[in-house]
1. Between helix 2-28 and the chain, what is the angle of the helix's C-alpha long axis to the longest principal axis, kept within 0 to 90° and rounded to the nearest 10?
2. Report, to the nearest 10°, how far helix 42-72 tilts away from the longest principal axis of the Cα atoms in the chain, using its own Cα long axis and a range of 0 to 90°.
3. Let me know the charge dipole size of the stretch 2-72 about its Cα centre in debye, to the nearest 20, where only the beta-carbon of Lys, Arg (+1) and Asp, Glu (-1) is charged.
4. If I build a Gaussian network model for the chain, linking alpha-carbon pairs within less than 10 angstrom, which residue out of Gly44, Gly53, Gly23 has the largest mean-square fluctuation?
5. Assuming 0.36 nm per residue, please report the length gained on full extension of the stretch Met1 to Leu68 beyond their Cα-Cα distance.
6. So I have [x] 13.9; [y] 13.0; [z] 18.0, and one of them is Kirkwood radius over Cα pairs in Å calculated from this model. Which one is it?
Amino acid sequence: MQTILLLLLGLAMIATVFFLVRGIVAFLKTTENDLMGDGPNMSGRAQNKAMQGRIAMQAAAVLIVVILLVMTGR
C-alpha cells in the first residue's frame with residue numbers, strides 16, 4: 001500500500017510542476033491587448049486553469065503525505 005501511495009505522491013508532484021510551468025508559460029504569453037481588453041481573456045483563463053490544476057495537485061500531494069504519516073504512526 002505504501003508503494004502505491006509513494007508512486008501517487010511522485011505523480012502528484014510531477015503534475016504540480018507541470019501545471020506550474022504551464023501557468024508561467026501562459027503568463028509569459030500575455031500581450032498588452034490582453035491586459036487592455038474588457039472582461040476575461042484567453043490568457044487569463046489559461047492562467048486560472050493552470051493555477052487551479054496546480055492547487056489541486058498540491059492538495060493531493062499533501063493529502064497523500066498525511067496518509068503516509070498516519071500509516072507509519074508518526
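Laboratory data are not the source of any read-out in this text; all were calculated from the coordinates shown. This structure is a prediction, so every number in the text was calculated from the model and none was measured. Quick reminder, even Gly has a Cβ in these numbers, built from the backbone with ideal geometry, and neighbours come from all protein chains shown.
1. Taking Cα atoms only, the helix is inclined about 10 degrees.
2. Its long axis makes an angle of about 10 degrees.
3. Values: 5 positive and 3 negative charges, 36 e Å.
Once rounded to the nearest 20, the dipole reads 180 debye.
4. Largest GNM mean-square fluctuation: Gly44.
5. Working: separation 67, 0.36 × 67 = 24.12 nm, distance 0.95 nm.
Working it through step by step, the gained length comes to 23.2 nm.
6. Entry [x].
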